[in-house]
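The values are calculated or read from the model by the stated rules, or taken from the named source; none is laboratory data. Everything numeric in this text was worked out from a predicted model, so none of it was measured. All Cβ positions, even for glycine, are placed from backbone atoms using ideal geometry, and neighbour counts span all protein chains on display. Areas reflect the complete protein model, heavy atoms only, side chains present, ligands, DNA and RNA absent. Shrake-Rupley method; radii C 1.70, N 1.55, O 1.52, S 1.80 Å.
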Amino acid sequence: MIFNKVEPKHLGGGVVVFEGCLDLDWQNLLDRSNDLIQEEWNEMYSSGTDPETNQEIYVNKSGYFFNKESIDLMPKRASAIHYKDNEDLRDIFSFIELAKDKCLLQYFELFPLAYKCVWWKVKGHILQYPKDVYLGSHSDISADYIYGILEPQDQLALRNVVSSLVYFNDSVDKEEELDGNNYLGGHHYFNYLEIDYSPKKGDILFFPSNYMAAHEVKPVTGGFRYSYLGWYSQGTPN
C-alpha cells in the first residue's frame, strides 16, 4: 500500500482532486469490496412476492416490502467494514483513512476557514454502482425537510462539512475499453458548478457538503463502479 503525496488540483467551487495518490492492490480490493457488499445485502434483504399483487419484491430484515425495481436501481453499500473481525481488512481501510486525512490537511491549506468547521469525521463506506444504476442530484447536507413538521427525523447529514471520495476503479469512455475491472459512464457531475469529473482509481476527491456542490452520479452503462464515501463533520454527535 503506497501513499503518493501529490499536488491538489482545484476544479472550482471547492471541488479538489488528488490524482493517483493511492496505489493499492486494486484487484484484491475490488474482490473484497464485492464480497462485503454482497454479505451486507444478504443480511438486509431477501427476495419475495407481494401477496396482494404477486409482484417480485425485496423484504428487509424488519419485514417491510420494497419495490424490486426501485431497490435494484440504487447503489449498494458496505457500511460496517470498520467493525469486521479481520485484521487485514482493518489495515487496508485504516490506511485509506490515513491517506484521506493527509489530503485533508492539504485541502485546508487551500481553504483555511474550512479548518475551523471540522470537528470529527465519519469513516467511509463502500459504494457499488452496477450497470444502469445512478444517483440523482443532491447535496450531502440534505435532511429532506418537509414544511409543517417541527424538525426532520434524521439530522445527521446537517453536520457534514467536507465530503470525501476514494475511487477503486476507472471510468472509461468506450465499451471496447471495458476489461472486467473498470466501468463505462458513472461520471461525478456537479450541477451548479458544471464540473464533469471522470473517476480514476487511486484518486481522492474532496468537495463542500453544502448545496453549492450539489452533485449526481451519472448512470453506469457497463461494468461496476466502486468508491469509498466519507465525511468530515461538525456539531455534537448523536
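Quick check on Y232: is it more than 30 Å from E176 (Cα to Cα) and in a strand (DSSP E or B)?
Yes: the conditions hold for Y232.
Among the candidates E97, E87, E40, single out the residue that is charged (D, E, K, R), surrounded by 16 or more Cβ atoms within 10 Å (Cβ to Cβ) and at pLDDT below 95.
E40
Find all pairs meeting these conditions: Cβ atoms under 7 angstrom apart; at least six residues apart or on different chains; first residue within region 194-211 and closer than 10 Å to L165 by Cα; second residue crowded, with 22+ Cβ neighbours inside 10 Å and basic (K, R).
Listed by first residue and then by second, the contacts come to I204/K100.
Looking at (1) of a type outside the set (D, E, K, R); (2) surrounded by 15 or more Cβ atoms within 10 Å (Cβ to Cβ); (3) out of contact with any Phe, Trp or Tyr (no Cβ under 7 Å at 6 or more places or on another chain); (4) at pLDDT below 95, which one does Q106 not meet, given that it meets all the others?
Unmet for Q106, out of (1) of a type outside the set (D, E, K, R); (2) surrounded by 15 or more Cβ atoms within 10 Å (Cβ to Cβ); (3) out of contact with any Phe, Trp or Tyr (no Cβ under 7 Å at 6 or more places or on another chain); (4) at pLDDT below 95: (4).
If you go through region 188-219, how many residues are touching an Asp or Glu at 6+ places or on another chain (Cβ under 7 Å) and in a strand (DSSP E or B)?
Within region 188-219, residues that are touching an Asp or Glu at 6+ places or on another chain (Cβ under 7 Å) and in a strand (DSSP E or B) number 1.
Tell me whether region 133-144 contains one or more residues that are among the charged types (D, E, K, R), over 16 Å from S227 (Cβ atoms) and out of contact with any Pro (no Cβ under 7 Å at 6 or more places or on another chain).
No, region 133-144 contains no residue that is among the charged types (D, E, K, R), over 16 Å from S227 (Cβ atoms) and out of contact with any Pro (no Cβ under 7 Å at 6 or more places or on another chain).
State yes or no: is H138 open to solvent by less than 70 Å² (accessible area, probe 1.4 Å) and modelled with pLDDT under 95?
yes
Being out of contact with any Ser or Thr (no Cβ under 8 Å at 6 or more places or on another chain) and open to solvent by less than 10 Å² (accessible area, probe 1.4 Å) is the filter here, so list the residues in region 165-176 that pass it.
The answer is N169, and nothing else.
To keep it simple, each residue is scored yes or no on (1) over 21 Å from A78 (Cβ atoms); (2) modelled with pLDDT under 95; (3) open to solvent by 40 Å² or more (accessible area, probe 1.4 Å).
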position	(1), (2), (3)
S163	no, no, no
L178	yes, no, yes
E194	yes, no, yes
P208	yes, no, no
K218	yes, no, yes
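Collect the residues in region 191-238 that are farther than 21 Å from Q38 by Cα and among the basic types (K, R), keeping them in residue-number order.
K200, K201, K218
Looking at (1) within 20 Å of the chain's Cα centre (by Cα); (2) surrounded by 15 or more Cβ atoms within 10 Å (Cβ to Cβ); (3) at pLDDT 95 or above, which is the one condition that is false for A114?
(1)
When region 167-193 is examined, which residues are found to be of a type in the set (S, T, N, Q) and without any contact (Cβ under 8 Å) to a residue 60 or more places away in the chain?
S171, N182, N191
Mind checking which residues of region 1-28 are touching a residue at least 24 places away in the same chain (Cβ under 8 Å) and open to solvent by less than 40 Å² (accessible area, probe 1.4 Å)?
P8, G12, G14, V15, V16, V17, F18, G20, C21, L22, L24, W26, listed by residue number.
I'm told F65 meets every condition in (1) surrounded by fewer than 13 Cβ atoms within 10 Å (Cβ to Cβ); (2) farther than 20 Å from L229 by Cβ except one. Can you identify the failing condition by its number?
F65 satisfies every listed condition except (1).
Can you give me the number of residues within region 37-54 that are of a type in the set (V, I, T) and over 16 Å from Y83 (Cα atoms)?
Residues in region 37-54 being of a type in the set (V, I, T) and over 16 Å from Y83 (Cα atoms): 2 in total.
If we keep just the residues of region 1-47 that are in a helix (DSSP H, G or I) and aromatic (F, W, Y), which is nearest to S198 (Cα to Cα)?
In this case the residue turns out to be W26.
Answer with yes or no whether N60 is open to solvent by 90 Å² or more (accessible area, probe 1.4 Å), over 19 Å from the mean Cα position of the chain (by Cα) and not charged (D, E, K, R).
Here the answer is no, as N60 does not meet what is asked.
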